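The values are calculated or read from the model by the stated rules, or taken from the named source; none is laboratory data. It should be emphasised that the depicted structure is a prediction, and the values quoted were computed from it without experimental measurement. Here the Cβ positions follow ideal geometry from the backbone for every residue, glycine too, while neighbour counts run over all protein chains shown. For the accessible areas, the whole protein counts, side chains as well, though only heavy atoms, and no ligand, DNA or RNA atoms are used. Shrake-Rupley method; radii C 1.70, N 1.55, O 1.52, S 1.80 Å.
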Amino acid sequence: MSGFGAVGARLYAWFNRHPETNRAVVDLAELRAGETVLEVGCGPGMALELAAQRTGAEHAAAVDPSETFVAMARKRVPRADVRVAGAEDVPFPDASFAAIYTLASMHHWDDRDAGLLTLAAKLAPGGRLLLAERLLDRPGHGITPAQLGEVSARLADVGQTGVRTVQRRIGRRTLAVIVSERPVTA
Ligand SMILES: C[S@@+](CC[C@H](N)C(=O)[O-])C[C@H]1O[C@@H](n2cnc3c(N)ncnc32)[C@H](O)[C@@H]1O
């Protein structure tokens with residue numbers, strides 16, 4: 001369940017444009033031309049568009065459980081492979097992506113632990129995972145310091161290495177990005 005119906009998705013796309021935040025996450029992903037990239041919970045596809053400019057749209061993919069958001073993202077980036085799915089059931093083969101990122105989506109997932117296990121499996125050896133959320137004092141539409149600790153521990157459990165949190169101040173908000181890598185050898 002995405003929680004975003006057709007009307008909610010359209011209102012979100014209209015009122016939530018955060019070009020600096022999108023750029024910060026895509027910059028941190030250090031995407032290179034020809035690399036495969038997946039965005040999870042792409043919404044209307046604004047960050048996907050930036051990512052696709054770096055990798056080439058034919059190397060970019062995205063999932064979102066909202067059909068309305070998927071339609072918007074396909075329209076924005078027609079050559080990207082955008083599918084209706086959640087983080088817990090990503091419909092791409094294991095080990096297919098050099099980079100996977102998600103922005104303001106993880107706090108919506110039905111099963112965060114299952115989603116993290118799935119995303120780790122979809123990374124190619126040496127692949128990078130970036131989980132970005134607004135840093136909050138208390139639970140809500142973002143992530144608290146305690147939740148950062150829970151997610152970091154789960155990433156270590158599913159075999160990710162180099163788990164660290166990078167913070168970026170954007171306007172009056174702080175963006176927290178948990179970065180980790182898939183080991184090159186299992
Ligand atoms: C606040 S919006 C963020 C959208 C976009 N990433 C952005 O920054 O504009 C949250 C997104 O997470 C998606 N979402 C909800 N449940 C999800 C799940 N289980 N797996 C992946 N994405 C999910 C929603 O459909 C929505 O597109």
- Query: Could you say which residue among ALA114, ALA61, ALA73, ALA52 is assigned to a strand (DSSP E or B) and not polar (S, T, N, Q)?
  - Reply: ALA61
- Message: Please go through region 156-176 and give me each residue that is in contact with a helix residue (DSSP H, G or I) (Cβ under 9 Å, 6 or more places away or on another chain) and part of a helix (DSSP H, G or I), ordered by number.
- Response: ASP157
- Query: Which condition number does ILE178 fail, the rest of (1) closer than 16 Å to TYR101 by Cβ; (2) among the β-branched types (Val, Ile, Thr); (3) free of Cβ contacts under 8 Å to residues at least 40 places away in the same chain being met?
  - Reply: (3)
- Residues of region 50-86 being crowded, with 17+ Cβ neighbours inside 10 Å, charged (D, E, K, R) and either within 13 Å of the chain's Cα centre (by Cα) or near the ligand (Cβ under 10 Å from one of its atoms) (or both), which ones? ASP64
- For region 121-152, which residues satisfy the criterion of being among the β-branched types (Val, Ile, Thr) and within 16 Å of the ligand (Cβ to nearest atom)? ILE143, VAL151
- Flag if ALA95 is closer than 17 Å to LEU38 by Cβ and within 16 Å of the ligand (Cβ to nearest atom): no
- Message: Of everything in region 5-49, what is part of a loop (DSSP other than H, G, I, E, B), over 12 Å from the mean Cα position of the chain (by Cα) and under 21 Å from ARG173 (Cβ atoms)? Give them in sequence order.
- Response: ASN16, ARG17, HIS18, PRO44
- For residues in region 31-49 being away from the ligand (no atom under 11 Å from the Cβ) and of a type in the set (Val, Ile, Thr), which is surrounded by the fewest Cβ atoms within 10 Å (Cβ to Cβ)? THR36
- Which ones in region 107-122 are out of contact with any Phe, Trp or Tyr (no Cβ under 6 Å at 6 or more places or on another chain) and open to solvent by less than 10 Å² (accessible area, probe 1.4 Å)? LEU116, LEU119, ALA120
- Note on the structure: Conditions (1) closer than 27 Å to PHE4 by Cα; (2) open to solvent by less than 30 Å² (accessible area, probe 1.4 Å) -> ASP89 fails only (2)
- Restricting attention to region 2-26, which residues are within 17 Å of GLU133 (Cα to Cα) and out of contact with any strand residue (DSSP E or B) (no Cβ under 9 Å at 6 or more places or on another chain)? TYR12, ASN16, ARG17, PRO19, ARG23
